[in-house]
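Just so it is clear, none of the values below were taken in a lab; they were calculated from the coordinates. All values reported here derive from a predicted model rather than from experimental measurement. Methodologically, a virtual Cβ is constructed for each residue, glycine included, from the backbone with ideal geometry; neighbour enumeration extends over all protein chains shown.
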Ligand code: NAD
């Protein structure tokens, strides 16, 4: 059955979802309130960096199956299935999620819905949101109960977004309590995701609260795994042990596994930090805050890595950044993305700048976002430019370009061969052999 899809909110998640769904053969209308984003997407110009996505976007536009708009009336008229992909950032000054955008999207769309349709939330939301929005939808939609809500949390990773969308590990669908509506929603979503389901992707259907909790508990687990190894890194630093060896040895235990067990500067980005905080805030509202007190520790361990990184750099410079030049490699919160939301690298760079250091940052893709977020930092147009005259170089985002750097080439640019590998991404022997004073988090 040929469903027409809309995707409301065309950021990292929504633009990927829209383009991939069009590639699968659906007619798709992407909607964003940001007119500039709509114009760029319509011109085949991806407003952010995501490997492999731009060709998919262009194919969709050329096929005529993919369009973009800022008109809710057009979206309501067009869609049989409306995917909600708007942002749910952290509220300023609080742990809780800011639901302004998701509320606004439903309130804008619902009154315009004049025929039966399915509204499918994909944004990450606090448990209880879907039930509340289901009520809003039924109340505001002129078709009442013929506008059905489902919640289908998204697990894609930036840097792998296209593949994760086309070949997800699992599809989770939260269904409404009313049986007829639930059966209808499941049937439609099975049709929409027929390609992945046909390739063997497991489908888990659940009630709304369970589906909402799957997403935040997955992120809580991943954040915990990273902070676990970084807590071990703290102990290794005190005991003069090597956390990279420790992590390797742990990884061979298949109950533990090596993924998300890389010690370093910790997690950042637009998801893990705000999701674990929103999860704690929501659990508190539900009277279950004790269950998640460990997440506060997970968050604190993560933040402590940034402080440790700054301390290590300062120590290498004899105790002060004043009058010293620091080259920072990396600004994105992780490689293969230009996302600088809650970026550990930029946090470290800004902190050193605030302590009097002259900091020059380079990132292969995130320079425009980094400049906007931190206009007071200096930026270089290459790794060598960022390292020029540096008394210490900090590797803070493990782009392949930095992993593959030649120690001798970088040595030609710097004032002193001090290097802190914040991601345990380089071979210490190689750098030491080239005369570098190589230091890393969690290693002697
Ligand atoms: P984003 O900020 O890149 O995109 C959100 C988009 O929504 C923006 O383009 C914004 O202009 C638009 N928007 C906001 N309010 C709107 C409205 N009322 N009507 C129309 N458009 C509106 O955010 P993102 O990273 O794509 O994340 C979106 C959601 O997906 C969040 O809940 C996030 O937690 C979740 N998520 C993100 C990822 C990821 O890797 N980025 C992965 C899984 C889940």
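Worth pointing out:
- Two-site label geometry, residue 112 and residue 245: point separation in nm, points 7 Å out along Cα→Cβ: 6.2 nm
- Pairs of Cα atoms farther than 22 Å apart, the stretch 4-201, %: 44 percent
- Over 17 Å [Cα-Cα, the stretch 77-163], rounded percent: 49 percent
- Structural size metrics of the stretch 245-440, computed from C-alpha coordinates, are Rg and Dmax of 17.6, 59 Å.
- Translational diffusion of the stretch 124-171, µm² s⁻¹ [Kirkwood Rh, Cα pairs; Stokes-Einstein; 20 °C; 1.002 mPa s]: 168 µm²/s
- The stretch 1-50: C-alpha pair distances exceeding 14 Å, %: 46 percent
- Protection proxy ranking for 154-166, 404-416, using the average of other Cβ atoms within 10 Å per residue and placing the highest first: 154-166, 404-416.
- With the highest mean first, a sort of the peptides 250-261, 426-437 on other beta-carbon atoms found within 10 angstrom per residue produces 426-437, 250-261.
- Taking a ≥ b ≥ c as the square roots of the Cα gyration tensor eigenvalues, the stretch 42-128 comes out oblate, since a/c reaches at least 1.5 and a/b does not exceed b/c.
- Label point distance in nm, residue 376-residue 92, each placed 7 Å from Cα along Cα→Cβ: 1.7 nm
- Mean residue ellipticity at 222 nm, helices only, the chain: -13500 deg cm²/dmol; runs of at least 4 DSSP H residues each add -39,500 (n - 2.57), and the sum is divided by the number of residues.
- Solvent-free Debye scattering, log10 I(q)/I(0), computed from the Cα coordinates of the stretch 214-276 at q = 0.21, 0.23 Å⁻¹: -0.84, -0.94
- P(r) of the chain over all Cα-Cα pairs, binned every 10 Å from zero, in whole percent: 4, 20, 28, 24, 16, 7, 2, 0
- Protection proxy ranking for 198-210, 127-139, using the average of other Cβ atoms within 10 Å per residue and placing the highest first: 127-139, 198-210.
- For the chain, relative contact order (Cα pairs under 8 Å, six or more residues apart, normalised by length) works out to 12 percent.
- Ellipsoid equivalent to the stretch 347-444 - semi-axes via the Cα gyration tensor, in Å: 22, 14, 13
- Kirkwood analysis of the stretch 252-337, using all unique Cα-Cα pairs, places the hydrodynamic radius at 15.9 Å.
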